[in-house]
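The values are calculated or read from the model by the stated rules, or taken from the named source; none is laboratory data. This one's a predicted model, so the numbers in the text were calculated from it and none came from an experiment. Here the Cβ positions follow ideal geometry from the backbone for every residue, glycine too, while neighbour counts run over all protein chains shown. Just the protein is used for accessible areas: all its heavy atoms, side chains included, with ligands, DNA and RNA removed. Shrake-Rupley method; radii C 1.70, N 1.55, O 1.52, S 1.80 Å.
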Amino acid sequence: MSGTFVGMPAFPRAAHEAVRDQTLRGNLRHATHTVRAKRAKAVAEVSDWAALREAGKRIKDHTLRHLDRYLVQLEEAVTAAGGIVHWAADADEANRIVAGLVKDTGETEVVKVKSMATQEIGLNEALEAEGIRAYETDLAELIVQLGKDRPSHILVPAIHRNRGEIRDIFRSEMSEWGRPAPDGLTDSPAELAEAARLHLREKFLRAKVGVSGANFMVAETGTLVVVESEGNGRMCLTLPETLISVVGIEKIVPTWRDLEVFLQTLPRSSTAERMNPYTSTWTGTTDSETADGPRVFHLVLLDNGRSDTLADEVGRQALRCIRCSACLNVCPVYERAGGHAYGSVYPGPIGAILSPQLRGTASEIDASLPYASSLCGACYEVCPVAIDIPEVLVHLRERVVEGGPVTREGNKVVLRPAKGHAAERAAMRAARWVFTRPGALRTGQRLASRTRRLHPRTLPGPGRAWSGTRDLPPVPAEPFRDWWQRTHGGKDAK
């Protein structure tokens, strides 16, 4: 995976700064609470939601177990339909492939559908280095691009911006990228949307090359699927002569019938809609100059750490993710810290488990992400494919603290324990020693009870970071064992 955002500190320091920004917190609180309430209402309409959730989980798990077979089937189907398939092991290879394909057309600009995969590999920056300008056409992505900003949410990348800020960005930056903002532009949503529509329309009409990702790929037919709410994606997918789609290998589903499940769960979990306003599908190319769709289609299948993640029996469930962002909208940590603090294009709970697996935990920011959670479990409850994010978080915390065997770039390696966790490792080993020796545990409990008046309200040394934001639980006057022995004589009450 490409590097972290330049200059990003570890999550605790980044979050410490973010929570001081009152405007940011207000924007996030309003947006996430609104989407959360709408989602709950949309999901409540579906009587078999739990069954759909379980079906989505099983389809994804089955596909991941047989990913090699389905990827080959997909390649054969895409090729038979007139498309060309490329395989990219990492971000650099994917960027080289895309840049080369654009250069082969003789064009120096492309229009883009919103795509997490292209953000992940830093495609815009790679194309710019090759003299190719990439125009984001999703409204929120346009705001981020014009504002020289970074996305902070999976579904709504500009969620940290309010209408006034967006108006100011349009007024000052649109003219550098094409058609300027209308004179007298206000912060009215209708006016902002119309300004973006006018600005983008000329790009759609002249673009010869489009770049997209995909929400799903259907192995049996070689069909790619993009769901959206604005229609900009369909313009990018149908107008350009050449279409290049960069898609993570985990986005595959075996059949059209499997797709049916996700077309019910994804819109409700993401935008709280019964179905997406625009669901675009394309299979290969078109031979007619008057028909919709590309005459040349390239599919770039991106690994970039996904095979390594697949090798982890606990962590691989992160690859079920369908990028709905429901986990972000219920997360108390994300709501207060915002997306930029995660140092990744994948923020929130899913980013806290996905980024350290795709990129590894060698960097300070990636080693800190598994700790960017209160483990409240709200993310698991809303996930439409039942990813047990708290389980993976704890699993990754163990990897950071203890090190151990992992798969990196297809090779088995042994990670060394991360720095700064010596006290934690010592405490856990001491606890393990005590809990496996009943006599020592009993003695420790009695000693703690008899000295409880002397206990400090905060922990000293390294423990100060933990107790600085938490109250230490009071120690009871006697251990439960002693109370039970005294009141029941060691026997069940009758």
(request) With everything on Cα atoms, drop me the angle between helix 163-177 and the longest principal axis of the chain, reported from 0 to 90° to the nearest 10. (result) 40 degrees
(request) Taking every pair of alpha-carbon atoms in the stretch 388-494, give the share separated by more than 21 Å as a whole percent. (result) 59 percent
(request) Apply the Debye scattering formula to the stretch 51-98, with a single equal point scatterer on each alpha-carbon and no solvent, then give log10 I(q)/I(0) at q = 0.14, 0.27 Å⁻¹. (result) -0.54, -0.93
(message) Please list, ordered by chain and number, the residues whose modelled amide H lies under 5 Å from the amide H of Thr223; skip anything fewer than 5 residues away on the same chain.
(response) Val218
(request) For the stretch 327-332, just list the computed ³J(HN,Hα) in residue order, Karplus coefficients 6.51, -1.76 and 1.60, θ = phi - 60°, integers in Hz, with x standing in for Gly and Pro. (result) 5, 5, 6, 10, 7, x
(request) List the residues whose amide H sits under 5 Å from the amide H of Ser212, counting only those 5 or more places along or on another chain, with H placed 1.01 Å from N in the peptide plane. (result) Val113, Ile244, Ser245, Val246
(message) Can you give me the angle between helix 49-65 and the longest principal axis of the chain, using Cα atoms only, in degrees from 0 to 90, rounded to the nearest 10?
(response) 80 degrees
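Run the accessible area of the chain with a 1.4 Å probe and give the carbon-and-sulfur part as a rounded percent. Walk me through the numbers on the way to the answer.
Numbers: 12520 of 23910 Å².
Percent of accessible area from carbon and sulfur atoms in the chain: 52.
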(request) Have a look at Val475, Ser269, Val333 and report the one farthest towards the positive end of the charge dipole of the chain, computed about the Cα centre with Cβ charges (Lys/Arg +1, Asp/Glu -1). (result) Val475
(request) Please work out the ratio of the alpha-carbon Rg of the stretch 310-434 to 2.2 N^0.38 Å and round it to two decimals. (result) 1.05
(request) Can you tell me the 0 to 90 degree angle between the C-alpha axis of helix 91-105 and the longest principal axis of the chain, rounded to 10? (result) 10 degrees
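Write down Rg/Rh for the stretch 1-78, rounded to two decimals, with Rg from the C-alpha atoms and Rh from the Kirkwood relation over Cα pairs. The partial results should precede the final answer.
Details: Rg = 20.5 Å, Rh = 17.5 Å.
Radius of gyration over Kirkwood radius for the stretch 1-78 works out to 1.17.
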(request) Would you kindly derive the ³J(HN,Hα) couplings of the stretch 155-160 from the backbone phi angles with the Karplus curve 6.51 cos²θ - 1.76 cosθ + 1.60 (θ = phi - 60°), listing them in order in whole Hz, with x for Gly and Pro? (result) 8, 10, x, 9, 4, 7
(message) Can you compute the helix-only [θ] at 222 nm over the chain? Use -39500 (n - 2.57) per DSSP H run of at least 4 residues, normalise by all residues, nearest 500 deg cm²/dmol.
(response) -15000 deg cm²/dmol
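Determine one quarter of the surface area of the Cα convex hull of the stretch 388-440, which equals its mean projected area, and express it in nm² to one decimal. Please report the intermediate quantities before stating the final value.
On the way: hull surface 20.8 nm².
Answer in nm², one decimal: 5.2.
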(request) Nearest 5 is fine: what % of DSSP beta bridges in the chain come out antiparallel, could you say? (result) 35 percent
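How much length, in nm to one decimal, is gained on full extension between Glu398 and Asp168, taken as 0.36 nm per residue of separation minus their Cα-Cα distance? Present the calculation step by step, with values, prior to reporting the outcome.
On the way: separation 230, 0.36 × 230 = 82.80 nm, distance 4.54 nm.
Full extension from Glu398 to Asp168 adds 78.3 nm.
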(message) Taking each pair of distinct Cα atoms in the stretch 245-341 once, what is the resulting Kirkwood hydrodynamic radius in Å?
(response) 16.6 Å
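By average Cβ neighbour count within 10 Å, what is the ranking of 287-299, 116-128 from highest down?
Values: 287-299: 14.9, 116-128: 21.4.
Output ranking for 287-299, 116-128: 116-128, 287-299.
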(message) With the crude spin-label approximation of a point 7 Å out along Cα→Cβ, what separation in nm comes out for Leu205 versus Ala426?
(response) 7.1 nm
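Solvent-accessible area per residue for the chain at a 1.4 Å probe radius, Å²? Write out the running numbers ahead of the final one.
Working: 23910 Å² over 494 residues.
In whole numbers, the chain has 48 Å² accessible per residue.
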(message) In 10 Å bins starting at zero, report the fraction of Cα pairs in the chain per bin as a rounded %.
(response) 4, 17, 27, 25, 14, 7, 4, 2, 0
(request) Using Cβ-Cβ distances only, list the Cys residues of the chain with no partner cysteine under 4.7 Å, sorted by number. (result) Cys236, Cys321, Cys324, Cys331, Cys376, Cys383
(request) Note down, for the stretch 267-311, the three equivalent ellipsoid semi-axes (square root of 5 times each alpha carbon gyration tensor eigenvalue), biggest first, whole angstrom. (result) 28, 24, 6
